[in-house]
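Written out below as structure tokens is the structure these notes cover.
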Amino acid sequence: MSDIKIKITDREGVTHEIDAPTDMNMNLMEVVRSYELAPEGTIGICGGMAMCASCQCYVKSAHELPEKSDDEDAMLSEAFNVEDNSRLGCQIHMTQELDGLEVELAPEEV
Ligand code: FES
């Protein structure tokens, strides 16, 4: 069993419960893209390098996520709409521990 269930609320406020593989080295931004939960070109702009914040999301569940890297911290300190529970989706890798994760996509930065 290598899929986990995660709930992603898109920018329209619609919540999607999806299966995310843990054996494909995917991060949350890539999962959102693969399910087309955000329009092409509005998420993952830097390709997952922690350099654009287009993949920002709010973590709603109480999961223990890996610590932010310095790059993620720096990017979030410059991004808009940042909350205490903000993370960069591209820095969150899909692992078994994240089964049941609930996140909401941050508004698009314009
Ligand atoms: S995709 Fe650019 S910071 Fe995550």
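Every number in this text was worked out from the coordinates using simple rules, so none of it is lab data. This structure is a prediction, so every number in the text was calculated from the model and none was measured. All Cβ positions, even for glycine, are placed from backbone atoms using ideal geometry, and neighbour counts span all protein chains on display.
The residues neighbouring Met24, those whose beta-carbon lies less than 15 Å from its own, together hold a net charge of -3 under the Lys/Arg +1, Asp/Glu -1 convention.
Going by C-beta contacts inside 10 Å, put Met24, Met51 in order with the fewest on the left. Provide the component values of the computation, followed by the final result.
Details: Met24 11, Met51 14.
Going from sparsest to densest Cβ surroundings: Met24, Met51.
Legend: ranking of residues Leu101, Leu65 from fewest to most surrounding C-beta atoms inside 10 Å; resulting order Leu65, Leu101.
Each of Arg11, Arg33 has some number of other Cβ atoms within 10 Å of its Cβ, and from fewest to most they run Arg11, Arg33.
Remark: relative contact order (segment 56-110) = 60 percent; criterion is Cα-Cα distance under 8 angstrom and separation of 6 or more residues. Shown here: segment 34-88, whose C-alpha atoms stretch 28, 23, 19 Å along the first, second and third principal axes, sorted largest to smallest. Taking the convex hull of the Cα atoms, report for the chain its projected area averaged over all directions, in nm². With every direction weighted equally, the projected area is 6.2 nm².
Summing charges over neighbours of Asp73, with a neighbour being any other residue whose Cβ is under 12 Å away from its Cβ, gives -3 when K and R count +1 and D and E count -1.
Taking GluC sites (Glu not before Pro) across segment 35-79, the ones in a DSSP loop with at most 11 further Cβ atoms lying within 10 angstrom of their Cβ are Glu36, Glu40, Glu64, Glu67. For Ile43, the shell of other residues with beta-carbons less than 11 Å away shows a net charge of -4, using +1 for Lys and Arg and -1 for Asp and Glu.
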